[in-house]
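The values are calculated or read from the model by the stated rules, or taken from the named source; none is laboratory data. Since this is a predicted model, take the numbers as computed values, not measurements. Cβ atoms come from the backbone with ideal geometry, glycine included; neighbour counts cover every protein chain shown.
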Amino acid sequence: MFKFFLFSGLQVGMFHGPIIDVFYLSHGLTFKQIFLIQGLHYVGKLLASIPAGMFADRYRRKSALAIGAFLVAISYFGIGIGSGFAFFAAMEILAGIGRAFLAGPESAYLFDELERAGRRAEYEWLESLNYSVVNGTLIVVFLLSGPFASIALNLPYILSAITLFVATAVALTLPEGRECSTAGEVRQPVPVHLAQMLGSFRTVTGIILRSDTLLFATILSCAFVLIRELNYLTEQPLLIALSFPFHLYGVLPAVGSALWAGSSCLAPFVMRRFGQIGSNLLLASSAFGLAFALTIVPVSYASISIYGAFYIFYGLAEPIIRIVSNSSVPDARMRSTVLAFQASISLMPFCLGASAYGHLLDQKPLTSGFASLTVIAWLALLTVCLWFLRLRLRSARFTQRVWNFRRIFLAGAR
């Protein structure tokens, strides 16, 4: 597992994370354009999710991981040396396509290799540990982001590209016992591949819609990802509003990543203690409480403390959603495709609303943006409650109680 965890740390490539907004603002972009670019990043990821998942399922997971890391490296290098809204948008779309090759195949690789080695029982723990490794890496790169950006604003992007080029080489050396499922097949023309892709889209959609657990995880993931992305991208405008020292911009996300890493390790214990519904109810409630606190607290350093608490929510939410989803895919041959598609679908609300949210930050105070986070968090809480009610209504015990009440009522009426 050492090489896998090494790859996970390298593929993060987020030296530029804390200064995304500042970098684009320095090139004359508005918040509306910045959020639109980030939305296009996820459009690229959404469009590439099915082809990326198909590639990983039909060929090799590690090949998909190598392609994804290489594409993201190229895009970050391009952003570091380029300029202009159109060019940045094209590079972000390319980065989104690369991330699609990393989103589902990485988790599917871990799950399949453990299952093949007879270590399936260790999956929940190692998946959570993987998130901790990723966030441990983020702590280091975020702390270095500000000082590197003080030297040259594009330097963090160049460093991110270098780490992803190294991740590409590591991915190619990963051990994989799974055989290529296309061995011996006759090479098919492009129209056939397109038809297969459309067929996979229908199959994946059917798998998610037929599974109560997968559908619930996907819907909840949409809300959680929207909260995460809007909150994350509002972090830098908050620091700008507070005149925070530029070379310390990485401190808040670094501390947040430490909290994220620690809470990721707690995900399996939270699931065992509260169950799937109870865990998600806890997460949705905490998201609502934090978002509401941001809304009512004046923009100050207290807002930064609330942002730090948000990272604990992220650390618990992502592994729980991934563990529930991974364990619910009925066909191992479709695991990468399902997970990549689910991850991309979860980003669709952000793609649709990112530009409007950026416009809100251009025109109105940060508190208006925080209010929208509260609404989204409230919807997440409502989703969990309605799903819990749905499960209760469908349970045999509840049905029996209804029939008993009906029988007693009719007997009394007579």
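For region 284-327, name all the residues that are within 14 Å of Phe216 (Cβ to Cβ), in contact (Cβ under 8 Å) with a residue 60 or more places away in the chain and of a type in the set (A, V, I, L, M).
Correct list: Ala284, Ala317, Ile321, Ile323, Val324.
So how many residues does region 287-340 have that are farther than 30 Å from Leu238 by Cα and hydrophobic (A, V, I, L, M, F, W, C)?
8
Taking region 50-107, which residues are within 30 Å of Ile151 (Cα to Cα) and not hydrophobic (A, V, I, L, M, F, W, C)?
Scanning region 50-107 gives Gly68, Ser75, Tyr76, Gly78, Gly80, Gly82, Ser83, Gly84, Glu92, Gly96, Gly98, Arg99.
Among the residues of region 17-62, what is the count of those that are touching a residue at least 40 places away in the same chain (Cβ under 8 Å), more than 24 Å from Leu138 (Cβ to Cβ) and over 20 Å from the mean Cα position of the chain (by Cα)?
Total satisfying the criteria: 10.
Taking region 210-248 as the region of interest, how many residues are among the hydroxyl-bearing types (Ser, Thr, Tyr), over 17 Å from Ser305 (Cβ atoms) and either part of a helix (DSSP H, G or I) or within 22 Å of the chain's Cα centre (by Cα) (or both)?
4
Does region 103-124 contain any residue that is hydrophobic (A, V, I, L, M, F, W, C) and under 18 Å from Leu40 (Cβ atoms)?
There is at least one residue in region 103-124 that is hydrophobic (A, V, I, L, M, F, W, C) and under 18 Å from Leu40 (Cβ atoms).
Of the numbered conditions (1) buried (at least 21 other Cβ atoms within 10 Å of the Cβ); (2) under 21 Å from Leu233 (Cβ atoms); (3) within 20 Å of the chain's Cα centre (by Cα), Leu94 satisfies every one except a single condition; which is it?
Every listed condition holds for Leu94 apart from (1).
Evaluate region 311-327: report whether one residue or more is modelled with pLDDT of 80 or more, farther than 30 Å from Ala56 by Cβ and not polar (S, T, N, Q).
yes
Could you please give the count of residues in region 230-269 that are crowded, with 23+ Cβ neighbours inside 10 Å and not aliphatic (A, V, I, L, M)?
Number satisfying all stated conditions: 11.
Please enumerate the residues belonging to region 54-97 that are assigned to a helix (DSSP H, G or I) and of a type in the set (S, T, N, Q).
The answer is Ser63, Ser75.
A quick yes/no check of all residues on (1) among the hydrophobic types (A, V, I, L, M, F, W, C); (2) closer than 23 Å to Ile162 by Cα:
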{"residue": "Gln11", "(1), (2)": "no, yes"}
{"residue": "Met14", "(1), (2)": "yes, yes"}
{"residue": "Gly17", "(1), (2)": "no, yes"}
{"residue": "Ile20", "(1), (2)": "yes, yes"}
{"residue": "Phe23", "(1), (2)": "yes, yes"}
{"residue": "Phe35", "(1), (2)": "yes, no"}
{"residue": "Gln38", "(1), (2)": "no, yes"}
{"residue": "Tyr42", "(1), (2)": "no, yes"}
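Would a scan of region 82-89 turn up a residue that is at pLDDT 80 or above and crowded, with 24+ Cβ neighbours inside 10 Å?
Checked against the condition, which is being at pLDDT 80 or above and crowded, with 24+ Cβ neighbours inside 10 Å, region 82-89 yields no hits at all.
Counting just the residues of region 31-50 that are of a type in the set (A, V, I, L, M) and closer than 18 Å to Leu102 by Cα, which one comes out surrounded by the most Cβ atoms within 10 Å (Cβ to Cβ)?
For region 31-50, the residue satisfying everything is Ala48.
Looking only at region 4-28, how many residues end up being closer than 15 Å to Leu239 by Cα and either surrounded by fewer than 22 Cβ atoms within 10 Å (Cβ to Cβ) or not acidic (Asp, Glu) (or both)?
The number of residues fulfilling the criteria is 7.
Conditions (1) surrounded by fewer than 17 Cβ atoms within 10 Å (Cβ to Cβ); (2) of a type in the set (Asp, Glu); (3) over 27 Å from Ser49 (Cβ atoms); (4) modelled with pLDDT of 75 or more, marked per residue:
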| site | (1), (2), (3), (4) |
| --- | --- |
| Arg333 | yes, no, no, no |
| Val338 | no, no, no, yes |
| Ala343 | no, no, no, no |
| Cys351 | no, no, no, yes |
| Gly358 | no, no, no, yes |
| Lys364 | yes, no, yes, no |
| Thr367 | yes, no, yes, no |
| Phe370 | no, no, yes, no |
| Ile376 | no, no, no, yes |
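Just to verify a result, which residue in region 234-277, among those that are among the aromatic types (Phe, Trp, Tyr) and touching a residue at least 24 places away in the same chain (Cβ under 8 Å), is farthest from Ile19 (Cα to Cα)?
Checking each candidate, the answer is Trp260.
If you take the residues of region 152-184 that are surrounded by fewer than 15 Cβ atoms within 10 Å (Cβ to Cβ) and farther than 28 Å from Phe4 by Cβ, which of them is modelled with the lowest pLDDT?
Restricting to residues being surrounded by fewer than 15 Cβ atoms within 10 Å (Cβ to Cβ) and farther than 28 Å from Phe4 by Cβ, the top hit is Gly184.
Kindly establish whether Ala258 is at pLDDT 80 or above, more than 24 Å from Leu382 (Cα to Cα) and in a helix (DSSP H, G or I).
So Ala258 fits the description; yes.
For residues in region 118-138 being more than 14 Å from Glu318 (Cβ to Cβ) and touching a residue at least 24 places away in the same chain (Cβ under 8 Å), which is surrounded by the fewest Cβ atoms within 10 Å (Cβ to Cβ)?
Among them, the one singled out is Trp125.
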